[in-house]
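For reference, the structure discussed in these notes is given below.
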Amino acid sequence: FPSHDRDVEEGLRRSRHRDRFQLITQVAVRPMDIQRAMLDYEPSIVHFSGHGAGEDGLVLEDESGKPALVSGEALAGLFKLFADRLQCVVLNACYAEVQAKAIVQVIPSVVGMKTAIGDRAALVFAVAFYDALGAGREVEFAYKLGCSAIGMAGSQQSQVPVLLKKPQG
């Protein structure tokens, strides 16, 4: 989504709590790139925009630039190492609920997509989600605003995003 980062960044830049956020973009990532970004930036939120293949995983790139699938279990294993700082993972990719279910076992809040989601709906969700966080709202409110924004934009996909919360105990 070419304008995805720009629209999210603009929303955060103009937000009341802009000093709390720094948007760092990684494109065409390989598994090693995710590991390095986690080490370098120690994020509290990881947002993946891309393609999902349901049970098969999320599509990253291999060392030669070809598509490579990474499972939710593999991502959960990585994110668990950073669970002291990582509070939320957003998987803005088709059929990513499977990976979200694995990741939410180790991270407090995870957003995934139940089915396919159009590029426009995914963008509208992301912009509203980060607008809410930038306004000082919690993840659950941001998720609900993102879903509402999809409907307000005239899309029938407002029920595609799903918010999962880590089981207590």
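Using θ = phi - 60° in the Karplus curve 6.51 cos²θ - 1.76 cosθ + 1.60, the 3J(HN,Hα) couplings for the range 61-67 round to 10, 8, 5, 9, x, 8, x Hz; x is entered for Gly and Pro. Ranking Gly50, Pro67, Val90 by Cα position along the charge dipole of the range 45-169, where only Lys, Arg, Asp and Glu carry charges on their C-beta atoms, puts Val90 farthest toward the positive end.
Placing unit charges on the Cβ atoms only, positive for Lys and Arg and negative for Asp and Glu, gives the chain a dipole magnitude near 540 debye about its Cα centre. Beta-bridge orientation, the range 18-136: approximately 35 percent antiparallel, per DSSP, counting only bridges with both partners inside. When the Gaussian network model of the chain links Cα atoms closer than 10 Å, the mean-square fluctuations of Leu75, Leu133, Leu39 top out at Leu39. Is the C-alpha gyration tensor of the range 37-169 telling us rounded, prolate or oblate? Criteria: a/c under 1.5 is rounded; beyond that, a/b larger than b/c is prolate, otherwise oblate. Cα axes put the range 37-169 in the oblate bin. Placing +1 on the Cβ of each Lys and Arg and -1 on the Cβ of each Asp and Glu in the chain, which of Phe141, Gly77, Ala100 has its Cα farthest towards the positive end of the resulting dipole? My answer, from the dipole projection, is Phe141.
The number of Lys pairs in the range 63-161 with C-alpha atoms less than 20 Å apart, excluding pairs fewer than 8 positions apart on the same chain, is 4.
Projecting label points 7 angstrom from Cα along Cα→Cβ for Arg120 and Ser44 puts them 3.4 nm apart.
Once you've got the GNM for the chain with C-alpha springs shorter than 10 Å, pick whichever of Ser49, Ser71, Ser155 has the biggest mean-square fluctuation. The residue with the greatest mean-square fluctuation here is Ser155. Considering helices alone, the calculated mean residue ellipticity of the chain at 222 nm is -12000 deg cm²/dmol, with DSSP H runs of length four and up weighted by -39500 (n - 2.57) and normalised per residue. Solvent-accessible area of the range 123-162 (1.4 angstrom probe, protein heavy atoms only): carbon and sulfur portion equals 53 percent. Accessible surface area normalised per residue over the chain is 56 Å², counting heavy atoms of protein chains with a 1.4 Å rolling probe.
The largest accessible area among Tyr143, Tyr130 belongs to the first residue in Tyr143, Tyr130, and the rest follow in falling order (1.4 Å probe, all chains).
The values are calculated or read from the model by the stated rules, or taken from the named source; none is laboratory data. This is a predicted model, so every value here is computed, not measured. Please note: Cβ atoms are built from the backbone with ideal geometry, for glycine as well, and neighbour counts cover all protein chains shown. Please note that ligands, DNA and RNA were not included when accessible areas were found on the heavy atoms of the full protein model with its side chains. Shrake-Rupley method; radii C 1.70, N 1.55, O 1.52, S 1.80 Å.
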